[in-house]
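Worksheet: the structure to be examined is printed underneath.
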Number of protein chains: 2
Amino acid sequence: MIKPRSRRGGGRPTIADVARKAGVGAITVSRALRDPGRVSEDLRRQIESAVNELGYVPDPNARALASARAEVFGVLVPSLTNNVFAEVVRGIYDSLSDGPFRIQLGNTHYSGLEEERLLQVFGPQRPAALIVAGIDQTPASRKLLETAGCPVVQVMETGPDPVDMMVGFSHFEGGKAAAEHLIEAGYRRIGFIGARMDPRSQRRLAGYRAAMEAAGLFDARLTTTTPVPSSVTLGRELFRDALAKLPSLDAVFCNNDDIALGVLFECHRASIAVPKTIGIVGFNDLDMMEVAFPSVTSVRTYRYEIGRRAVAMALAAIEGNRPESRVVDLGFELKRRESTAR
Amino acid sequence: MIKPRSRRGGGRPTIADVARKAGVGAITVSRALRDPGRVSEDLRRQIESAVNELGYVPDPNARALASARAEVFGVLVPSLTNNVFAEVVRGIYDSLSDGPFRIQLGNTHYSGLEEERLLQVFGPQRPAALIVAGIDQTPASRKLLETAGCPVVQVMETGPDPVDMMVGFSHFEGGKAAAEHLIEAGYRRIGFIGARMDPRSQRRLAGYRAAMEAAGLFDARLTTTTPVPSSVTLGRELFRDALAKLPSLDAVFCNNDDIALGVLFECHRASIAVPKTIGIVGFNDLDMMEVAFPSVTSVRTYRYEIGRRAVAMALAAIEGNRPESRVVDLGFELKRRESTAR
DNA sequence: GCGGCAAGTGGTAGCGCTACCATGACGTTG
DNA sequence: CAACGTCATGGTAGCGCTACCACTTGCCGC
């Protein structure tokens, strides 16, 4: 008798087809696939060959419905084009590409409300884990994370009060180290140039300010910021503004490397000597900072590693062994280069 | 009587809860949510308020299982950190953020086999549409795309034989335009510097070669390529190699802007005058090319727009009205700047 | 006045899988 | 040797939703 294929399913083999072919129960096939150790050697081989012959692939939707748990990692980042987050995301993908987990990526556009909305979309899918950038969730987002019923990793920053786990570093300390380096190098009128000014930028600014105040060098006029999204073009413009406002400026700590690059190009264009007349420090240490001329001092951060570590921690938590320390600080490293070597 | 909550579902309201509260059948709730026009005004309002009161959110997994169609766009790109693809992806996200569709992003690492593997993973999810970068799928990948049973958009390139739909531009023409521009500007020993050399880079190289041969200027020694992934650092190194090999070089067409930037920095470092001694043309026209000093001529491509258009076409196809022209060429524009103005 | 048709609604039967419990075949122990 | 685990396997009953068909109205045309 010809088995009447369902009108709905596109005719792909189901677990029942495999079970029939292998002469076992459907549940045994399910087990053989998910936890081979619990099925005898014999049946396992039979099932395996039936799977291969039929080209059976489990339906992730049915699996998610039945087990009330989807093999999905939800990932929330503020930007897809900012290289910094792209690196984190790459680390996450590379760590997850072997396993069964899919990734659902959300772009919050640096908006707390958008983050809330995305968490509301992710929740009903019952993801296996959630990875979110930053530690400044809105109260509503925080509640959504706390009640998600899965491991949660906050990345990019460390802070005192993790929802669950955290991997990152201290932006405050990074900003402080950058400013201290400029002070040590002999610069005195050290400006801060920042764009977008998201919470991480704010903390870098705070670190800068702490160092400047400690050295008795802080002056509000040294700070030039804008909420506008960061770009190389903007870096150039902000630097011109800063210089117009305060011609005595002798160094700048830039919020990020795009800004620093804009400053560097403007110095070339205006024939301002770097590092002699102006010292430049960036943040994140993109690949090109080392190649730039002059090479640019920057605070190296370990974005890719943050992504990998976040996945490792989430995976461990899924398997029931949460790491003993819920907050991992991967630190940073100040890379001293020509742009501050005077 | 207390309704015994299932042991599996986490206690979230289901469609049956909403139906009971609104005093209607479950199926009517389903319709009210998916196609409000088919439910009377009265019931619609009742259902709506029941949904709000209970905080009901449909379970996407159950929905996908029952309807054999997930509200998911599968997106396959060769790299997450390459700004070019990041822009395409951003366009896709921005176009999809309003609607019900989720996005599942896969990173093929420029590997045909990896692409196949990812398509095999995406298939069983029954995505609503697939967007893949490039037109050089392996035969197996092509078959998977053809039998996916959903709209497929190939992006970044145009070509003669779309699986379904295409949005992009001609890399051959882009490379040709770049070389022709250098020839017109009076350069004669025009090199090509390329890294990674994926199919798109190959076609740019072919365009360059066509222009050079047409002008009687082609010389195999002018071409410097490597399969190594592209970076600013690598651009610098390749340029040094090229110059060592052929000191008479008077211009370079770079595979992409990272390489061009590496060349520019090396020229600064080695005090080579740009554009006088060496002319430089990049590809893609990243934001910073305009700000660089000297500003760098580049072939502007419309990555973000490609992403948006791909989604628009897929969405139209889902609704049953495929666009009349299945291949959309968004073109490019050669941006002439200081680096070739001699 | 009756068949026919469209619009609005609901019941039933799955979608493909897994949680839960039951079963039977083996030891193992005192 | 009875009582009791343990292991491997299977049956049943859903998970939450939608496709499909059936039913009830009310209105039209002849």
Which condition breaks for A:Val291 when tested against (1) touching a residue at least 24 places away in the same chain (Cβ under 8 Å); (2) within 27 Å of A:Arg200 (Cα to Cα)?
-> (1)
Output the residues belonging to the stretch A:51-71 that are within 12 Å of DNA strand C (Cβ to nearest atom) and more than 14 Å from chain B (Cβ to nearest Cβ).
-> none
Do you know which residues across the stretch A:84-140 are more than 10 Å from every other protein chain (Cβ to nearest Cβ), charged (D, E, K, R) and farther than 30 Å from A:Met289 by Cα?
-> A:Asp98, A:Glu115, A:Glu116
Pairs, first on the phi < 0 side of the Ramachandran plot in the stretch B:31-46, second modelled with pLDDT under 85 and more than 8 Å from DNA strand C (Cβ to nearest atom), C-beta under 6 Å, six or more apart = B:Arg44/B:Pro36
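Quick one: is A:Ala86 among the hydrophobic types (A, V, I, L, M, F, W, C), more than 9 Å from DNA strand C (Cβ to nearest atom), surrounded by 13 or more Cβ atoms within 10 Å (Cβ to Cβ) and under 34 Å from the mean Cα position of the chain (by Cα)?
Details: among the hydrophobic types (A, V, I, L, M, F, W, C): yes; more than 9 Å from DNA strand C (Cβ to nearest atom): yes; surrounded by 13 or more Cβ atoms within 10 Å (Cβ to Cβ): yes; under 34 Å from the mean Cα position of the chain (by Cα): yes.
Yes: the conditions hold for A:Ala86.
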Members of the stretch A:257-277 that are of a type in the set (Val, Ile, Thr) and more than 13 Å from A:Arg240 (Cα to Cα) | A:Val274, A:Thr277
Quick check: is even one residue across the stretch B:315-331 buried (at least 23 other Cβ atoms within 10 Å of the Cβ) and at negative phi?
-> no
Within the stretch B:46-69, is even one residue within 16 Å of DNA strand D (Cβ to nearest atom) and either touching a His at 6+ places or on another chain (Cβ under 6 Å) or among the basic types (Lys, Arg) (or both)?
-> yes
Can you find a residue in the stretch A:246-259 that is closer than 29 Å to B:Glu338 by Cα, open to solvent by less than 20 Å² (accessible area, probe 1.4 Å) and of a type in the set (Asp, Glu)?
-> yes
Within the stretch A:49-74, how many residues are farther than 25 Å from A:Ala128 by Cβ and surrounded by fewer than 16 Cβ atoms within 10 Å (Cβ to Cβ)?
-> 4
Report yes if B:Gln46 is farther than 30 Å from B:Arg12 by Cβ and within 16 Å of DNA strand C (Cβ to nearest atom), otherwise no.
-> no
Filtering the stretch A:98-114 down to residues that are hydroxyl-bearing (Ser, Thr, Tyr) and open to solvent by 30 Å² or more (accessible area, probe 1.4 Å) yields A:Tyr110, A:Ser111
Of all residues in the stretch B:266-277, which are within 12 Å of B:Phe239 (Cα to Cα) and touching a helix residue (DSSP H, G or I) at 6+ places or on another chain (Cβ under 6 Å)?
-> B:Glu266
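The values are calculated or read from the model by the stated rules, or taken from the named source; none is laboratory data. It should be emphasised that the depicted structure is a prediction, and the values quoted were computed from it without experimental measurement. Cβ: placed from backbone, ideal geometry, glycine included. Neighbour counts: every protein chain shown. With ligands, DNA and RNA removed, areas are computed over all heavy atoms of the protein, side chains included. Shrake-Rupley method; radii C 1.70, N 1.55, O 1.52, S 1.80 Å.
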